[in-house]
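The values are calculated or read from the model by the stated rules, or taken from the named source; none is laboratory data. Nothing here was measured: the structure is a model prediction, and the numbers come from that model. Neighbour counts run over all protein chains shown; Cβ positions are idealised from the backbone, glycine included. Quick note on the areas: whole protein, heavy atoms, side chains included, nothing else; ligands and nucleic acids left out. Shrake-Rupley method; radii C 1.70, N 1.55, O 1.52, S 1.80 Å.
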Amino acid sequence: MWPGAGDGINVMTFRQRVFSGVQPTGNLHLGNYLGAIVKFVALQDQFDCIYCVVDLHAITAEWQEPDELRQSIRRAAAAYIASGIDPKKSILFNQSQVHQHAELAWIFNCVARLGWLNRMTQFKEKAGKDRENASVGLYDYPVLMAADIL
């Protein structure tokens, strides 16, 4: 038996964790608010919540002007807070500010197989018939998502 199992010692329990991110492209709208953010606010009281502005994802499909992207990142973070995400209850961060995220994505790139990525629908849907002009970042989107989660 492992320590704590049935010997009267309390076994550690962990609160469940919620992770979600929003791309800082375009403005958040009523659909974002009602479909996700209202739920995110409520989840803060039940779970350990981590919310992220996923700016690395924002650059996978199309070019982003750096100054506009910086402003969009700030607006997305402000919208989270204005909607009720409490930085004292939840973690709110900008994806690209955590260098370990990009490093982990690179490690995953080294073990991901082209056959796996070829089966992913995200690239096929977003690239459409113009796949030759799509970015490698869009193709590799699932690997970046795996790094998000881990």
With the first residue restricted to region 130-150 and required to be under 15 Å from R119 (Cα atoms), and the second required to be of a type in the set (G, A, S) and in a helix (DSSP H, G or I), Cβ contacts under 6 Å at 6 or more apart or on different chains are L138/A61; V143/A105
Given the condition under 27 Å from L30 (Cα atoms), surrounded by 11 or more Cβ atoms within 10 Å (Cβ to Cβ), within 20 Å of the chain's Cα centre (by Cα) and without any contact (Cβ under 8 Å) to a residue 60 or more places away in the chain, answer yes or no: does some residue in region 97-115 qualify? no
Could you look through region 56-75, keep only residues that are open to solvent by 20 Å² or more (accessible area, probe 1.4 Å) and hydrophobic (A, V, I, L, M, F, W, C), and pick out the one that is nearest to the chain's Cα centre (by Cα)? L56
